[in-house]
Amino acid sequence: MRIIEPLFPCYIFIRCNLAQCYDQIRYTSGISSLVHFGHNIPTVPTEVVEELRQHFEAGETMDLEDGLKEGAEVTVAEGAFLGSRGIVVRLRPAKQRVQILLDLLGRTTVAEMDCKSLTVENRCLAKLIPALAMSAGLNR
């Protein structure tokens with residue numbers, strides 16, 4: 001199954017002098033906050049933004065592995081176990097189901113769930129941007 005979704009939902013990239021524009025950006029309608037880590041607001045290198053722009057202006061799609069594999073950490077995103085975290089122990093691709101280990105009331109329990117009801121931890125490309133920004137800063 002193929003799903004097309006935004007690469008950075010609810011994010012915009014801006015190029016400005018942050019010291020001069022901070023309040024104007026921060027209080028713009030629709031902006032809830034700036035990405036930050038403590039008091040540090042990361043900078044995304046121009047090269048990274050340009051590479052993304054070139055790639056997507058060409059109309060290309062990007063195939064991402066969903067990360068749903070045995071041993072993957074997952075969070076239940078819907079249903080009775082909403083918010084519970086577990087580990088994938090078995091994939092059942094024909095049924096689009098997954099067996100996961102959940103810790104319920106102090107006992108480890110195997111539960112079978114629909115693949116769509118799980119979120120794989122650490123799979124979002126947007127979460128890589130701070131690492132890209134820091135690595136680019138170190139290479140200057």
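The values are calculated or read from the model by the stated rules, or taken from the named source; none is laboratory data. This one's a predicted model, so the numbers in the text were calculated from it and none came from an experiment. Please note: Cβ atoms are built from the backbone with ideal geometry, for glycine as well, and neighbour counts cover all protein chains shown. Surface areas here come from the heavy atoms of the whole protein model, side chains and all, with no ligands, DNA or RNA. Shrake-Rupley method; radii C 1.70, N 1.55, O 1.52, S 1.80 Å.
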> Hey, any hits in segment 67-76 for a residue that's open to solvent by 100 Å² or more (accessible area, probe 1.4 Å), at pLDDT 85 or above and not in a loop (DSSP other than H, G, I, E, B)?
Replying inline: no
>> For segment 105-136, which positions are at pLDDT 50 or above and open to solvent by 60 Å² or more (accessible area, probe 1.4 Å)?
In response: LEU105, GLY106, ARG107, THR108, VAL110, GLU112, LYS116, THR119, ASN122, ARG123
> Under the condition of being in contact with a Ser or Thr (Cβ under 8 Å, 6 or more places away or on another chain) and at pLDDT 85 or above, which residue from segment 1-46 is nearest to ASP114 (Cα to Cα)?
Replying inline: ARG26
>> Would you confirm, using the coordinates I've provided, whether VAL49 is modelled with pLDDT of 75 or more and out of contact with any Leu (no Cβ under 9 Å at 6 or more places or on another chain)?
In response: yes
>> If I go through segment 77-103 residue by residue, how many of them are open to solvent by 70 Å² or more (accessible area, probe 1.4 Å), modelled with pLDDT of 80 or more and not in a strand (DSSP E or B)?
In response: 5
